[in-house]
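Below: one structure, written as C-alpha coordinates.
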Amino acid sequence: MTSQRGESAAPAATPVKKRKGLDKSHYLYIAVIVAVVLGALVGLMFPEVGKSLKPLGDGFIKLIKMMIGPVIFCTIVLGIGSIAKAATVGKVGGLALGYFMVMSTFALAIGLVVGNLIHPGEGLKLAPYDPNKKAAADSTVDFLLGIIPGDIPVLPTLLAAILVGFALQRMGAQGTPILRAVGYGQALVFRILVMIMWLAPLGAFGAIAAVVGATGVQAIFGMATLMVAFYITCALFIVVILGGLLKIVAGVSIFRLMKYLGREYLLIFSTSSSEAALPRLIAKMEHLGVSKPVVGVTVPTGYSFNLDGTAIYLTMASLFVANAMGTPLDLGAQVSLLIFMIIASKGAAGVTGAGLATLAAGLQAHAPQLLGGVGMIVGIDRFMSEARALTNFTGNAVATVLIGTWVKEIDGGQVERVLSGNEPFNEQTMIAAHDAHAEEAAPEKPVLANA
(Lines give C-alpha, C1' and ligand atoms only; values in the text may rest on other atoms or scores of the structure.)
Protein backbone atom coordinates (compact mmCIF):
# COMPACT_ATOMS: atom_id res chain seq x y z
CA MET A 1 0.00 0.00 0.00
CA THR A 2 2.84 2.35 0.84
CA SER A 3 4.71 1.45 -2.32
CA GLN A 4 1.65 2.23 -4.44
CA ARG A 5 1.38 5.69 -2.97
CA GLY A 6 5.06 6.43 -3.33
CA GLU A 7 5.46 5.75 -7.03
CA SER A 8 5.14 9.32 -8.26
CA ALA A 9 7.90 11.78 -7.47
CA ALA A 10 5.59 14.80 -7.42
CA PRO A 11 3.15 13.51 -4.81
CA ALA A 12 6.03 12.42 -2.59
CA ALA A 13 7.56 15.88 -2.62
CA THR A 14 4.56 17.72 -1.20
CA PRO A 15 4.18 15.75 2.06
CA VAL A 16 7.92 16.09 2.72
CA LYS A 17 7.68 19.86 2.50
CA LYS A 18 4.75 19.90 4.89
CA ARG A 19 6.57 17.80 7.44
CA LYS A 20 9.59 20.09 7.29
CA GLY A 21 7.33 23.07 7.90
CA LEU A 22 5.81 21.41 10.94
CA ASP A 23 9.08 20.25 12.52
CA LYS A 24 9.22 23.41 14.64
CA SER A 25 6.21 22.22 16.63
CA HIS A 26 8.15 19.07 17.44
CA TYR A 27 10.95 21.16 18.93
CA LEU A 28 8.46 23.09 21.03
CA TYR A 29 6.86 19.84 22.21
CA ILE A 30 10.23 18.38 23.22
CA ALA A 31 11.25 21.62 24.93
CA VAL A 32 8.04 21.65 27.00
CA ILE A 33 8.59 18.02 28.06
CA VAL A 34 12.17 18.77 29.10
CA ALA A 35 11.04 21.92 30.94
CA VAL A 36 8.33 20.03 32.86
CA VAL A 37 10.78 17.31 33.94
CA LEU A 38 13.43 19.84 34.97
CA GLY A 39 10.84 21.95 36.78
CA ALA A 40 9.58 18.94 38.73
CA LEU A 41 13.15 17.93 39.67
CA VAL A 42 14.02 21.45 40.83
CA GLY A 43 10.80 21.64 42.85
CA LEU A 44 11.47 18.28 44.51
CA MET A 45 15.19 18.77 45.24
CA PHE A 46 15.23 22.53 45.90
CA PRO A 47 11.72 23.54 47.04
CA GLU A 48 12.62 27.13 47.91
CA VAL A 49 14.36 27.67 44.59
CA GLY A 50 11.32 26.21 42.84
CA LYS A 51 8.99 28.62 44.65
CA SER A 52 11.18 31.56 43.64
CA LEU A 53 10.72 30.62 39.96
CA LYS A 54 6.98 31.28 40.09
CA PRO A 55 7.23 34.67 38.31
CA LEU A 56 8.32 32.81 35.15
CA GLY A 57 4.98 31.05 35.05
CA ASP A 58 3.12 34.22 36.04
CA GLY A 59 4.78 36.20 33.26
CA PHE A 60 3.74 33.61 30.68
CA ILE A 61 0.15 33.68 31.96
CA LYS A 62 0.14 37.49 31.68
CA LEU A 63 1.19 37.18 28.04
CA ILE A 64 -1.68 34.75 27.42
CA LYS A 65 -4.08 37.11 29.22
CA MET A 66 -2.91 39.94 26.99
CA MET A 67 -4.18 38.02 23.95
CA ILE A 68 -7.53 36.89 25.38
CA GLY A 69 -9.48 39.96 24.25
CA PRO A 70 -8.27 39.96 20.63
CA VAL A 71 -8.70 36.17 20.32
CA ILE A 72 -12.25 36.23 21.67
CA PHE A 73 -13.26 39.24 19.57
CA CYS A 74 -11.94 37.89 16.27
CA THR A 75 -13.18 34.32 16.75
CA ILE A 76 -16.69 35.34 17.80
CA VAL A 77 -17.11 37.87 14.97
CA LEU A 78 -15.88 35.35 12.42
CA GLY A 79 -17.89 32.58 14.06
CA ILE A 80 -21.17 34.46 13.75
CA GLY A 81 -20.28 35.41 10.18
CA SER A 82 -19.50 31.78 9.35
CA ILE A 83 -22.80 30.63 10.81
CA ALA A 84 -24.64 33.05 8.54
CA LYS A 85 -22.73 31.90 5.46
CA ALA A 86 -23.00 28.19 6.24
CA ALA A 87 -26.73 28.48 6.91
CA THR A 88 -27.33 29.94 3.46
CA VAL A 89 -26.17 26.78 1.70
CA GLY A 90 -29.45 25.18 2.70
CA LYS A 91 -30.28 21.89 4.33
CA VAL A 92 -26.72 20.59 4.64
CA GLY A 93 -25.39 23.76 6.31
CA GLY A 94 -28.27 24.03 8.75
CA LEU A 95 -28.11 20.35 9.67
CA ALA A 96 -24.33 20.50 10.10
CA LEU A 97 -24.47 23.55 12.36
CA GLY A 98 -27.26 22.06 14.47
CA TYR A 99 -25.34 18.81 14.87
CA PHE A 100 -22.10 20.64 15.74
CA MET A 101 -23.79 22.76 18.40
CA VAL A 102 -25.40 19.73 20.04
CA MET A 103 -22.26 17.56 19.98
CA SER A 104 -19.83 20.20 21.20
CA THR A 105 -22.23 21.16 24.00
CA PHE A 106 -22.56 17.48 24.88
CA ALA A 107 -18.75 17.15 24.93
CA LEU A 108 -18.48 20.15 27.27
CA ALA A 109 -21.08 18.58 29.56
CA ILE A 110 -19.19 15.26 29.56
CA GLY A 111 -16.04 17.11 30.66
CA LEU A 112 -17.96 18.61 33.57
CA VAL A 113 -19.44 15.25 34.59
CA VAL A 114 -16.08 13.45 34.52
CA GLY A 115 -14.39 16.35 36.32
CA ASN A 116 -16.96 16.22 39.10
CA LEU A 117 -16.54 12.45 39.41
CA ILE A 118 -12.76 12.33 39.71
CA HIS A 119 -12.14 15.78 41.29
CA PRO A 120 -8.78 16.38 39.56
CA GLY A 121 -6.36 18.63 41.45
CA GLU A 122 -8.21 18.25 44.75
CA GLY A 123 -6.06 18.71 47.83
CA LEU A 124 -3.27 20.79 46.25
CA LYS A 125 -4.52 24.01 47.89
CA LEU A 126 -2.43 26.35 45.77
CA ALA A 127 -2.46 29.96 46.93
CA PRO A 128 -3.42 32.58 44.33
CA TYR A 129 -0.48 34.67 43.19
CA ASP A 130 -0.54 38.20 44.64
CA PRO A 131 1.42 40.55 42.37
CA ASN A 132 1.41 43.36 44.97
CA LYS A 133 3.01 41.15 47.58
CA LYS A 134 5.67 40.03 45.12
CA ALA A 135 6.39 43.64 44.15
CA ALA A 136 7.34 44.46 47.74
CA ALA A 137 9.84 41.58 47.74
CA ASP A 138 11.36 42.06 44.29
CA SER A 139 10.89 45.32 42.41
CA THR A 140 12.86 44.03 39.40
CA VAL A 141 10.42 41.17 38.87
CA ASP A 142 7.52 43.58 39.27
CA PHE A 143 9.06 45.93 36.71
CA LEU A 144 9.54 43.13 34.16
CA LEU A 145 6.01 41.82 34.66
CA GLY A 146 4.68 45.37 34.44
CA ILE A 147 5.99 45.66 30.87
CA ILE A 148 3.36 43.16 29.75
CA PRO A 149 0.10 45.03 28.95
CA GLY A 150 -2.95 44.40 31.08
CA ASP A 151 -5.74 42.15 29.91
CA ILE A 152 -8.99 43.34 28.34
CA PRO A 153 -12.22 42.45 30.23
CA VAL A 154 -13.67 39.30 28.67
CA LEU A 155 -17.43 39.69 29.04
CA PRO A 156 -17.62 43.23 27.56
CA THR A 157 -15.39 42.02 24.71
CA LEU A 158 -17.71 39.05 24.17
CA LEU A 159 -20.77 41.32 24.06
CA ALA A 160 -19.09 43.73 21.64
CA ALA A 161 -18.02 40.83 19.38
CA ILE A 162 -21.56 39.41 19.28
CA LEU A 163 -23.02 42.82 18.39
CA VAL A 164 -20.40 43.37 15.68
CA GLY A 165 -21.02 39.89 14.28
CA PHE A 166 -24.77 40.40 13.99
CA ALA A 167 -24.28 43.91 12.62
CA LEU A 168 -22.07 42.48 9.87
CA GLN A 169 -24.80 39.96 9.08
CA ARG A 170 -27.30 42.82 8.66
CA MET A 171 -24.90 44.66 6.35
CA GLY A 172 -24.92 41.78 3.88
CA ALA A 173 -22.46 42.16 1.01
CA GLN A 174 -21.22 45.48 2.41
CA GLY A 175 -19.98 43.68 5.51
CA THR A 176 -17.91 41.15 3.56
CA PRO A 177 -14.75 43.32 3.33
CA ILE A 178 -14.95 44.03 7.06
CA LEU A 179 -15.37 40.33 7.80
CA ARG A 180 -12.39 39.58 5.58
CA ALA A 181 -10.36 42.24 7.45
CA VAL A 182 -11.30 40.65 10.77
CA GLY A 183 -10.11 37.33 9.30
CA TYR A 184 -6.72 38.86 8.56
CA GLY A 185 -6.72 40.33 12.06
CA GLN A 186 -7.40 36.89 13.49
CA ALA A 187 -4.48 35.48 11.51
CA LEU A 188 -2.25 38.21 12.98
CA VAL A 189 -3.52 37.59 16.52
CA PHE A 190 -2.91 33.87 16.22
CA ARG A 191 0.55 34.49 14.78
CA ILE A 192 1.39 36.54 17.90
CA LEU A 193 -0.10 33.77 20.04
CA VAL A 194 2.12 31.20 18.31
CA MET A 195 5.14 33.41 19.06
CA ILE A 196 4.12 33.61 22.72
CA MET A 197 3.75 29.83 22.85
CA TRP A 198 7.46 29.51 22.14
CA LEU A 199 7.91 30.83 25.67
CA ALA A 200 5.80 27.94 26.99
CA PRO A 201 8.88 25.88 28.05
CA LEU A 202 10.08 28.77 30.22
CA GLY A 203 6.61 29.33 31.67
CA ALA A 204 6.08 25.61 32.25
CA PHE A 205 9.47 25.29 33.96
CA GLY A 206 8.71 28.10 36.40
CA ALA A 207 5.11 27.06 37.04
CA ILE A 208 5.85 23.37 37.62
CA ALA A 209 8.91 24.11 39.77
CA ALA A 210 6.85 26.46 41.94
CA VAL A 211 3.91 24.07 42.28
CA VAL A 212 6.04 21.01 43.04
CA GLY A 213 8.19 23.07 45.41
CA ALA A 214 5.07 24.09 47.34
CA THR A 215 3.14 20.81 47.30
CA GLY A 216 5.71 18.08 46.57
CA VAL A 217 4.87 14.85 44.75
CA GLN A 218 1.13 15.46 45.17
CA ALA A 219 1.20 18.00 42.33
CA ILE A 220 2.74 15.44 39.95
CA PHE A 221 0.07 12.89 40.84
CA GLY A 222 -2.65 15.51 40.38
CA MET A 223 -1.47 16.45 36.87
CA ALA A 224 -1.02 12.79 35.91
CA THR A 225 -4.57 12.05 37.09
CA LEU A 226 -5.96 14.82 34.89
CA MET A 227 -4.04 13.61 31.82
CA VAL A 228 -5.05 9.96 32.23
CA ALA A 229 -8.69 10.90 32.89
CA PHE A 230 -8.72 13.16 29.84
CA TYR A 231 -7.33 10.48 27.52
CA ILE A 232 -9.81 7.90 28.84
CA THR A 233 -12.71 10.36 28.45
CA CYS A 234 -11.73 11.17 24.85
CA ALA A 235 -11.39 7.46 24.00
CA LEU A 236 -14.81 6.66 25.48
CA PHE A 237 -16.35 9.64 23.70
CA ILE A 238 -15.02 8.40 20.35
CA VAL A 239 -15.90 4.74 20.81
CA VAL A 240 -19.20 4.99 22.72
CA ILE A 241 -20.78 8.29 21.68
CA LEU A 242 -19.44 8.86 18.17
CA GLY A 243 -19.20 5.13 17.45
CA GLY A 244 -22.75 4.52 18.65
CA LEU A 245 -24.16 7.34 16.52
CA LEU A 246 -22.22 6.17 13.48
CA LYS A 247 -23.45 2.58 13.85
CA ILE A 248 -27.08 3.50 14.49
CA VAL A 249 -27.40 6.15 11.76
CA ALA A 250 -25.05 4.95 9.03
CA GLY A 251 -24.46 1.30 9.95
CA VAL A 252 -20.69 1.87 9.86
CA SER A 253 -18.23 0.61 12.49
CA ILE A 254 -16.15 3.35 14.09
CA PHE A 255 -13.15 0.99 14.14
CA ARG A 256 -13.34 0.40 10.38
CA LEU A 257 -13.55 4.14 9.76
CA MET A 258 -10.59 4.79 12.07
CA LYS A 259 -8.56 2.11 10.29
CA TYR A 260 -9.34 3.82 6.97
CA LEU A 261 -8.06 7.11 8.45
CA GLY A 262 -4.96 5.49 9.97
CA ARG A 263 -2.40 7.56 8.07
CA GLU A 264 -4.18 10.76 9.03
CA TYR A 265 -4.07 9.73 12.70
CA LEU A 266 -0.31 9.23 12.44
CA LEU A 267 0.05 12.67 10.85
CA ILE A 268 -2.05 14.27 13.59
CA PHE A 269 -0.21 12.44 16.36
CA SER A 270 3.17 13.53 15.02
CA THR A 271 2.16 17.19 14.64
CA SER A 272 -0.46 17.56 17.43
CA SER A 273 -2.57 19.25 14.76
CA SER A 274 -5.89 18.16 13.30
CA GLU A 275 -5.55 21.02 10.78
CA ALA A 276 -2.58 19.21 9.21
CA ALA A 277 -4.95 16.48 8.02
CA LEU A 278 -7.72 18.78 6.72
CA PRO A 279 -6.95 18.35 2.98
CA ARG A 280 -6.65 14.58 3.37
CA LEU A 281 -9.94 14.37 5.27
CA ILE A 282 -11.74 16.25 2.48
CA ALA A 283 -10.30 13.90 -0.13
CA LYS A 284 -10.89 10.73 1.88
CA MET A 285 -14.49 11.57 2.70
CA GLU A 286 -15.19 12.11 -1.00
CA HIS A 287 -13.41 8.84 -1.82
CA LEU A 288 -15.49 7.13 0.87
CA GLY A 289 -18.65 8.02 -1.04
CA VAL A 290 -19.90 11.25 0.55
CA SER A 291 -20.92 13.82 -2.08
CA LYS A 292 -18.66 16.81 -2.71
CA PRO A 293 -21.20 19.46 -1.63
CA VAL A 294 -21.70 17.73 1.73
CA VAL A 295 -17.96 17.35 2.29
CA GLY A 296 -17.30 20.91 1.12
CA VAL A 297 -19.71 22.35 3.69
CA THR A 298 -19.32 19.93 6.59
CA VAL A 299 -15.55 19.52 6.91
CA PRO A 300 -14.40 23.19 6.81
CA THR A 301 -17.30 24.27 9.05
CA GLY A 302 -16.63 21.40 11.45
CA TYR A 303 -13.01 22.43 11.86
CA SER A 304 -14.21 25.66 13.47
CA PHE A 305 -17.45 24.57 15.14
CA ASN A 306 -17.07 20.90 16.04
CA LEU A 307 -14.09 20.77 18.41
CA ASP A 308 -15.23 17.91 20.65
CA GLY A 309 -11.79 17.18 22.12
CA THR A 310 -11.18 20.84 22.88
CA ALA A 311 -14.59 21.08 24.55
CA ILE A 312 -13.82 18.16 26.89
CA TYR A 313 -10.41 19.66 27.63
CA LEU A 314 -11.81 23.11 28.51
CA THR A 315 -14.25 21.92 31.14
CA MET A 316 -11.98 19.28 32.71
CA ALA A 317 -9.06 21.71 32.88
CA SER A 318 -11.28 24.40 34.45
CA LEU A 319 -12.41 22.03 37.21
CA PHE A 320 -8.81 20.90 37.75
CA VAL A 321 -7.62 24.49 38.26
CA ALA A 322 -10.54 25.31 40.56
CA ASN A 323 -9.91 22.23 42.72
CA ALA A 324 -6.15 22.80 42.78
CA MET A 325 -6.67 26.39 43.99
CA GLY A 326 -8.92 25.13 46.80
CA THR A 327 -12.02 26.93 45.47
CA PRO A 328 -14.17 24.34 43.65
CA LEU A 329 -16.90 25.74 41.43
CA ASP A 330 -20.50 25.21 42.50
CA LEU A 331 -23.12 23.92 40.06
CA GLY A 332 -24.29 27.39 39.06
CA ALA A 333 -20.75 28.54 38.28
CA GLN A 334 -20.13 25.35 36.29
CA VAL A 335 -23.27 25.85 34.19
CA SER A 336 -22.42 29.50 33.47
CA LEU A 337 -18.85 28.46 32.60
CA LEU A 338 -20.24 25.80 30.23
CA ILE A 339 -22.45 28.39 28.50
CA PHE A 340 -19.46 30.74 28.13
CA MET A 341 -17.29 27.97 26.68
CA ILE A 342 -20.04 27.03 24.18
CA ILE A 343 -19.90 30.58 22.82
CA ALA A 344 -16.18 31.29 23.20
CA SER A 345 -14.99 28.06 21.59
CA LYS A 346 -16.98 28.63 18.37
CA GLY A 347 -15.02 29.92 15.42
CA ALA A 348 -11.64 29.30 17.06
CA ALA A 349 -9.16 27.87 14.59
CA GLY A 350 -6.91 25.03 15.74
CA VAL A 351 -3.91 27.10 16.75
CA THR A 352 -1.31 26.37 19.41
CA GLY A 353 -2.39 28.33 22.48
CA ALA A 354 -5.95 29.07 21.34
CA GLY A 355 -7.38 26.44 23.70
CA LEU A 356 -5.23 27.79 26.53
CA ALA A 357 -6.41 31.33 25.80
CA THR A 358 -10.07 30.22 25.78
CA LEU A 359 -9.53 28.40 29.10
CA ALA A 360 -7.93 31.50 30.62
CA ALA A 361 -10.78 33.65 29.26
CA GLY A 362 -13.41 31.43 30.89
CA LEU A 363 -11.68 31.47 34.25
CA GLN A 364 -11.06 35.21 34.11
CA ALA A 365 -14.71 35.88 33.34
CA HIS A 366 -16.10 33.61 36.07
CA ALA A 367 -13.39 33.35 38.75
CA PRO A 368 -10.42 35.70 38.16
CA GLN A 369 -8.70 34.47 41.32
CA LEU A 370 -8.20 31.09 39.61
CA LEU A 371 -6.25 32.45 36.65
CA GLY A 372 -2.90 31.82 38.35
CA GLY A 373 -3.63 28.08 38.35
CA VAL A 374 -3.49 28.01 34.55
CA GLY A 375 0.29 27.81 35.02
CA MET A 376 -0.11 24.15 35.95
CA ILE A 377 -2.06 23.50 32.75
CA VAL A 378 0.71 25.09 30.68
CA GLY A 379 3.05 22.28 31.73
CA ILE A 380 0.73 19.47 30.68
CA ASP A 381 -1.21 21.16 27.88
CA ARG A 382 1.06 19.75 25.18
CA PHE A 383 0.68 16.24 26.61
CA MET A 384 -3.06 16.49 26.07
CA SER A 385 -2.92 18.14 22.65
CA GLU A 386 -2.75 14.83 20.74
CA ALA A 387 -5.94 13.56 22.36
CA ARG A 388 -7.67 16.87 21.60
CA ALA A 389 -6.57 16.82 17.97
CA LEU A 390 -7.46 13.15 17.41
CA THR A 391 -10.89 13.61 19.00
CA ASN A 392 -11.58 16.77 16.97
CA PHE A 393 -10.57 15.00 13.76
CA THR A 394 -12.63 11.88 14.47
CA GLY A 395 -15.65 14.01 15.37
CA ASN A 396 -15.49 15.78 12.01
CA ALA A 397 -15.03 12.53 10.08
CA VAL A 398 -18.04 10.96 11.81
CA ALA A 399 -20.10 14.13 11.32
CA THR A 400 -19.43 14.05 7.57
CA VAL A 401 -20.67 10.46 7.26
CA LEU A 402 -23.70 11.13 9.47
CA ILE A 403 -24.79 14.25 7.61
CA GLY A 404 -24.20 12.55 4.26
CA THR A 405 -26.51 9.75 5.45
CA TRP A 406 -29.21 12.11 6.77
CA VAL A 407 -29.40 14.09 3.50
CA LYS A 408 -29.03 10.90 1.41
CA GLU A 409 -25.82 12.13 -0.23
CA ILE A 410 -23.65 9.08 0.43
CA ASP A 411 -22.99 5.96 -1.65
CA GLY A 412 -23.42 2.99 0.67
CA GLY A 413 -21.84 0.57 -1.79
CA GLN A 414 -18.78 2.81 -2.13
CA VAL A 415 -18.48 3.00 1.66
CA GLU A 416 -18.40 -0.79 1.92
CA ARG A 417 -15.88 -1.18 -0.91
CA VAL A 418 -13.55 1.44 0.56
CA LEU A 419 -13.71 0.25 4.17
CA SER A 420 -13.24 -3.38 3.12
CA GLY A 421 -10.08 -2.40 1.24
CA ASN A 422 -11.38 -3.31 -2.22
CA GLU A 423 -11.05 0.27 -3.44
CA PRO A 424 -7.89 1.76 -1.86
CA PHE A 425 -7.30 5.50 -1.60
CA ASN A 426 -5.02 6.99 -4.26
CA GLU A 427 -2.51 9.57 -3.04
CA GLN A 428 -2.06 11.23 -6.43
CA THR A 429 -5.80 11.75 -6.81
CA MET A 430 -5.94 13.25 -3.33
CA ILE A 431 -3.33 15.89 -4.12
CA ALA A 432 -4.96 16.87 -7.41
CA ALA A 433 -8.39 17.15 -5.79
CA HIS A 434 -7.08 18.96 -2.72
CA ASP A 435 -5.44 21.84 -4.53
CA ALA A 436 -8.62 22.64 -6.46
CA HIS A 437 -11.11 21.79 -3.75
CA ALA A 438 -9.51 23.34 -0.67
CA GLU A 439 -9.65 26.83 -2.19
CA GLU A 440 -13.26 26.30 -3.23
CA ALA A 441 -14.35 24.95 0.16
CA ALA A 442 -12.90 27.61 2.45
CA PRO A 443 -11.66 30.64 0.53
CA GLU A 444 -12.16 33.31 3.12
CA LYS A 445 -10.35 31.74 6.09
CA PRO A 446 -6.68 30.67 6.12
CA VAL A 447 -5.92 27.26 7.57
CA LEU A 448 -3.71 27.67 10.60
CA ALA A 449 -1.53 24.84 11.88
CA ASN A 450 -1.44 23.19 15.30
CA ALA A 451 -4.45 22.31 17.42
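The values are calculated or read from the model by the stated rules, or taken from the named source; none is laboratory data. These numbers come from a predicted model, not from an experiment. Note: ideal-geometry Cβ built from the backbone for every residue, glycine included; neighbour counts use all protein chains shown. In case anyone asks, the SASA skips ligands and DNA or RNA and just uses the protein heavy atoms, side chains included. Shrake-Rupley method; radii C 1.70, N 1.55, O 1.52, S 1.80 Å.
Sorted on the mean count of surrounding Cβ atoms within 10 Å across their residues, most packed first, peptides 380-387, 27-34 read 380-387, 27-34.
For segment 260-325, report the accessible area per residue in Å² (1.4 Å probe, heavy atoms, rounded to an integer). Let's see the in-between values first.
On the way: 1240 Å² over 66 residues.
With the other protein chains kept in place, segment 260-325 gives 19 Å² per residue.
Which order do the peptides 392-405, 228-241, 55-68, 95-108 take when ranked by the mean count of other beta-carbon atoms within 10 Å per residue, highest first?
Details: 392-405: 25.6, 228-241: 17.9, 55-68: 22.6, 95-108: 19.9.
For the peptides 392-405, 228-241, 55-68, 95-108, the packing ranking is 392-405, 55-68, 95-108, 228-241.
In the context of the full protein assembly, Lys247 retains an accessible surface of approximately 110 Å², using a probe radius of 1.4 Å and ignoring ligands and nucleic acids.
Which pairs in the list Lys91/Lys284; Lys247/Lys408; Lys91/Lys292; Lys259/Lys284 are over 20 Å apart, alpha-carbon to alpha-carbon?
Numbers: Lys91/Lys284 23 Å; Lys247/Lys408 16 Å; Lys91/Lys292 15 Å; Lys259/Lys284 12 Å.
Pairs exceeding 20 Å: Lys91/Lys284.
Applying 0.36 nm per residue to the separation of Asn426 and Ser291 and subtracting their alpha-carbon distance, the gain on full extension is 46.9 nm.
Measuring only protein heavy atoms, the 1.4 Å probe finds His119 accessible over about 80 Å².
With a ≥ b ≥ c the root eigenvalues of the C-alpha gyration tensor of segment 150-263, is it rounded (a/c under 1.5), prolate (a/b larger than b/c) or oblate? Please list the in-between numbers first.
Details: a/c = 2.38, a/b = 1.11, b/c = 2.14.
Oblate, since a/c reaches 1.5 and b/c is not below a/b.
Look at the Cα gyration tensor of segment 199-284: its axes a ≥ b ≥ c give a/c of at least 1.5 with a/b at or below b/c, and that counts as oblate.
When only the heavy atoms of the protein chains count and the probe is 1.4 Å, how do Arg256, Arg170 rank by accessible area, highest first? List each step's numbers first, then the result.
Details: Arg256 85, Arg170 215 Å².
Ranked list, largest accessible area first: Arg170, Arg256.
Equivalent-ellipsoid semi-axes for segment 234-308 (Cα gyration tensor, √(5λ), whole Å, largest first): 18, 17, 13.
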